[in-house]
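Structure, as structure tokens:
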Amino acid sequence: MTTAWDPSKPILEIEHLSISFFTRLREIPAVMDFSCKVMPGESMGLVGESGCGKSTVALAVMRDLGKNGRIVAGSIKFKGRELVKMDDEELRGIRGSEIAMIYQEPMASLNPAMKIGAQLAEVPMIHQGMGKEEAWKLARQIVADVRLPDPDRILNAFPHQLSGGQQQRIVIAMALMSKPALLILDEPTTALDVTVEAGIVDLVKDLGHKYGTSMLFISHNLGLIMDVCDRLCVMYSGEAVETGNVVQVFDEMRHPYTQALFRSIPLPGADKNTRPLISIPGNFPLPHERPQGCNFGPRCDYFEKGRCDAADIPMSDIPKGDRHASRCLKWAEIDWNAPPAARVVKQKSPIGRVVLKMEDLKKYYSISSGAFGGGTAKVVKANETLSFEAHEGETLAIVGESGCGKSTFAKVLMGLETATSGSIMLFDENVQSTPIQKRNVDTVSSVQMVFQNPFDTLNPSMNVGRQIIRALEVFHYGKSDEERTNRMLELLDVVKLPRAFADRMPRQLSGGQKQRVGIARAFAGGAKVVVADEPVSALDVSVQAAVTDLLMDIQRENKTTLLFISHDLSIVRYLSDRVLVMYLGHVVETGTTDQVFNPPYHPYTEALLSAVPVADTKVIRKRIVLEGDIPSAVNPPPGCPFQTRCRWKSQVPNGLCDREMPPVRNLAEGHQIKCHLSDDILAQMEPVIKMAAE
Amino acid sequence: MLRFVLRRLGVMVLTALVLTFVVFYLTNLPPNLEKLARSEGSVRMTDAAVASWIIDNGHGGSVFYRYAEWLGVAPGWVLTDDKGVTRGLCIRQNDDPALAPTFCGIFQGNWGFSTVFKKPVLYSLGKSMAATGWLMLAVMVVMVPVALLIGVLAGMREGSRTDRVLSTFSIASSATPEYVSGVILVALFASPATGLSPLLSGWGWIGGKTLFLGTATSAMDNITFWNFALPVATIALYGVGYIARMTRASMTEVMTQQYIRTARLKGVAFRDVVLRHALRNAMIAPFTVIMLQFPYLLNGVVITETLFNYKGFGWMLVTAAGNNDIEMLLGASVVAVIFVLATQLISDIGYVFLNPRIRLS
């Protein structure tokens, strides 16, 4: 099969690739003039925001663009063989055997009606003509290779019987079954929790070294790219704008978009008051509305009329670089070390009286085990003895992985569920057992929520203005329609949307704009407490900065208490005043942001912090990878909830962790942890993140 | 699994009781009983005589008690008239009343006597069920494979020419009810005056006057292709369109799933993608529809058997309903209810086997 191929040549060579999608109306160019080279054993990162064409490039390498997509120009060479001109038969020989792909959603990419073993064994059976028994044996070995416990049980399981992390390991195992030369990873960890993500990233890196596989790693997360890749290619609106080795691009970027991207992500050291993030102005151009000349031109600080918008801009090599190139005409003229001009220092808002107080809040669900209502009832302890206070004008972050009970907590506070026991005091009024239908309008309008997914939370058949006015009507705001319309327009001003947007339908808005409408709706009744449930996790990085800043601005003006629920620790560090870390329904650590992000940590906080990839070459991060998955809340481990995964467990004498739930301890003023570790061991803890000496 | 089946059987019995009670109540409404009295007794009876006939023949009293009698859980009625003759539900003519059993309902195997066919209900029912059973079997054997094949072929490449042709066919056939397609088929293939038969017979290709037989009465004793094809085709045609549409919808949806892309990018050939990866997943939804077709067949059978004069369950039901044959109707309803519930049980169990995500504890 493999004709003579010189291993010193690139394994994948894409040259001037252009891909278009054809609709009845027009041709939509998705990728233009894209070139990149992947050498054997090298891992190449593709970074960019959604819609920039990075996944399209990956699918083009697989030649799987669907019915409408077509490669209109350029070439893709794999081991010197032209992929663009291959017929189906040849392609089948390469797919899965020499190029394999790992996908974003592991659950969706495994066949639900086939056993894991059969899905894995299929690969060598097709490509190497291996016998069934031998193929299953190989599958068993690879499953052990991806560090899954009990391979025999897993081979005979169906996909739905595994957790998300395990499923992704299976997808990886499937890709490795025939030892491919090139592995394409399309956002392989986006759907997973951070601690699981850390494990997967480690695995991918190790396997890459072990088998000498080249990788094309697609991600929107710059930190992840730095962890995994040797080189990267930054894409914007269908074009590669900068390419080079990771350290060089991160430290000496030579394209304004790359620079703007780095300025809009919360790196350690950013602070909402003294060093706020700088969002990229304007919006991503739609594929058929791209500007003349430089695509980034209209949003660029260095834009020069008549020059940047004159003609298409080619990639130009940067001398002295390691195959470093940029698609910018002015890269040699710009002073790349100048500090950003528009950095507005903001006043820290004072923290006022206690607005919300929770004491010993518990929320249990009972579920029955039988499929038809029978069986023994089990209790899921979603929240266990939750106590805290939130002050006026304060941002309190609630951090934890999926299943830790943070969303249940939000539901209880909103009144969508009632607590099992404990009290929720909102302005000295106990709302614990009052469901939302029975709360009075004042209470409802003062506790509001900003939802995670702006795409699903707006009514698709009602225009934006009408939706906000509807909220005002529900909150009994104003006496006449005119008054409410005026207020609605004011609210649009507050969330920095043009007033003309009142007549638009949600589908005409981008994700960031929709989230702004969601925020306007939440603040319509003058909310005092706003629960923001992962408000920016569905948005692109450049938009995230703008939306978080907006939330901060509104908070400063209205002295709102913001409960910020998130799994993203970098954004939490950036904007919160106090942090609450949750694990399996328990609050394991609480304190001010400084206290939580610096040692001594709760062992879980430590692991969580080390799992977050940081896109800064100067940061040295200690790697702590948690073994296994989060235990099920139906069947929590005895004693400390974290004991099954804790790396400090051996430091506690007498197996106390196995037996007893640790008590709440005060380490400092306002800093509490739930842990059995003694004070001197806690004092020995080292910081997870260190800045390298410059 | 066993517990699930037992529980479902319990639910089935309850449903059957409720449904048969509804039928019992409706067939035993006073006007029906009056009609029965006049047809069994004398047409010229006075109203008073009708009322006493109803009471004398055990149709008086509470409907619940009579239902219980019919089931066989309450003692059957016993009356001694002026002449000293004792009659009762459980006393056959010329038998000694003292030896007759106390209970005799359907539980005891006494399904009553058909007033139209002049035979015990159980006997007529058995005969007609057997006839219909053959018809249904033939329909299923023809309909299910054809429909699945059409659905899968149409759905595996959405929007292709094959898809459009097959979809047009299935829409047309599911939009044609049996009483239309049956007449068309008869006109085309089984009429000596129109359609194909006069042509073929003119060319001397067929011996008889028609290609197929327009009536299926002879199939009661001896099923042949020529007397059975048209009734089978009439019922199957409608179902084929319907099941094919469902299969196609399910197949197109499955083909857009990510795991199909995974399979394709594993290097699996298109044929194997369809057969190994898509088919089982695409069968989950149509399976329920196919099982739902069984009760529906009972419907189709009524029209088709009447049209082709095939003396099966449907024909018998029409005759019994037209002649106020209460006990026959009740018997038929029991059979129909059990049949429908049993197919639903099979459908649920089969669903579990097809779909590993559902597991019964």
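Nothing in this text is a laboratory measurement; each read-out follows from the coordinates by a stated rule. From a predicted model like this one, the values you see are computed outputs, not experimental measurements. Cβ: placed from backbone, ideal geometry, glycine included. Neighbour counts: every protein chain shown.
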Once both label points are put 7 Å beyond Cα along the C-beta direction, the B:D81-A:K559 separation in nm becomes 9.9 nm
Subtracting the Cα-Cα distance of A:Q684 and A:Q292 from 0.36 nm times their residue separation yields 135.3 nm
Everything considered on the Cα gyration tensor (a ≥ b ≥ c; rounded for a/c under 1.5, else prolate if a/b is larger than b/c, else oblate), chain B must be described as oblate
So the FRET efficiency between A:S387 and A:Q437, C-beta based with R0 = 22 Å and rounded to 0.05, is 0.25
Straight-line reach check, A:K320, cutoff 14 Å on alpha carbons, 8 or more apart in-chain or any other chain, hits among aspartates and glutamates -> A:E252
Given pairs A:K622/A:K649; A:K348/A:K479; A:K115/A:K362; A:K362/A:K496; A:K79/A:K330; A:K79/A:K622 and cut-off 28 Å on Cα-Cα distance, the over-length ones are A:K348/A:K479; A:K115/A:K362; A:K362/A:K496; A:K79/A:K330; A:K79/A:K622
Here the residues of the range A:21-62 lying in the modelled label zone of A:D322, meaning backbone nitrogen under 19 Å from a point 7 Å along Cα-to-Cβ, are A:36-47
Per the 1/(1 + (r/R0)^6) rule, R0 = 35 Å and r from the Cβ atoms of A:K622 and A:N273, FRET efficiency to 0.05 is 0.80
Taking Cα atoms only, Rg over Rh for the range A:3-83 with Rh from the Kirkwood formula is 1.01
Per-residue average of other protein chain Cβ atoms inside 10 Å, peptide A:104-111 -> 4
Computed over the range A:522-642, the Cα gyration tensor eigenvalues, each multiplied by 5 and square-rooted, give semi-axes in Å (largest first) of 28, 19, 14
note: the range B:1-58, Cα-Cα separations exceeding 17 Å make up a percent value of 55 percent
Quick numbers on the range B:295-347, Rg and Dmax over C-alpha atoms in Å, give 11.7, 35
Going fewest to most other Cβ atoms within 10 Å around each Cβ, B:V152, A:V664, A:V579, B:V273 line up as A:V664, B:V273, B:V152, A:V579
By the Cα gyration tensor axes a ≥ b ≥ c (a/c under 1.5 gives rounded; else a/b larger than b/c gives prolate, otherwise oblate), the shape of the range B:39-89 is oblate
Relative contact order as a percentage, chain A, C-alpha pairs under 8 Å and 6+ apart, gives 12 percent
Of the convex hull drawn through the C-alpha atoms of the range A:113-204, the volume per residue in Å³ is 97 Å³
Hull volume per residue for the range A:1-160, using the convex hull of the C-alpha atoms, in Å³ is 158 Å³
For B:Y259, B:Y179, A:Y236, ascending order of other Cβ atoms within 10 Å (fewest first) is B:Y179, B:Y259, A:Y236
Where a ≥ b ≥ c are root eigenvalues of the Cα gyration tensor, a/c under 1.5 meaning rounded, otherwise prolate if a/b exceeds b/c and oblate otherwise, the protein assembly as shown counts as prolate
Env charge @ A:F303, Cβ radius under 12 Å, K,R +1 / D,E -1, value +1
Cross-link reach from B:K118 to lysines, straight Cα distance under 16 Å and at least 8 residues apart if same chain, gives B:K127, B:K311
Once A:Q128 and A:H160 are pulled to full extension, the length gained, defined as 0.36 nm per residue separation minus their Cα-Cα distance, is 8.7 nm
If the label point sits 7 Å along Cα→Cβ of A:K67, residues of the range A:84-103 with amide N under 20 Å come out as A:88
Semi-axes in Å, largest first, for the range B:157-296 (Cα gyration tensor, √(5λ)) are 40, 17, 14
Flagged as over-length at 23 Å C-alpha distance, from A:K54/A:K618; A:K77/B:K266; A:K85/B:K266; A:K54/A:K305, the pairs are A:K54/A:K618; A:K54/A:K305
Percent antiparallel among DSSP beta bridges confined to chain A, rounded to 5, stands at 60 percent
P(r) of the range A:82-159 over all Cα-Cα pairs, 10 Å bins starting at 0, rounded to whole percent, reads 17, 44, 30, 8, 1
Counted neighbours (other Cβ, 10 Å), sorted fewest up, put B:S191, A:S445 in the order B:S191, A:S445
Listed by chain and number, the aspartates and glutamates with an alpha carbon less than 14 angstrom from that of B:K83, same-chain partners under 8 positions apart left out, are B:D56
Per the 1/(1 + (r/R0)^6) rule, R0 = 25 Å and r from the Cβ atoms of B:S201 and B:N309, FRET efficiency to 0.05 is 0.65
Given A:172-178, A:158-164, A:433-439, A:565-571, the highest-first ranking by average Cβ count within 10 Å works out to A:172-178, A:565-571, A:158-164, A:433-439
Rh_Kirkwood(the range B:191-245) over Cα pairs, Å, one decimal, evaluates to 12.6 Å
Mean shadow area (nm²) of the C-alpha convex hull around the range B:165-218 is 5.0 nm²
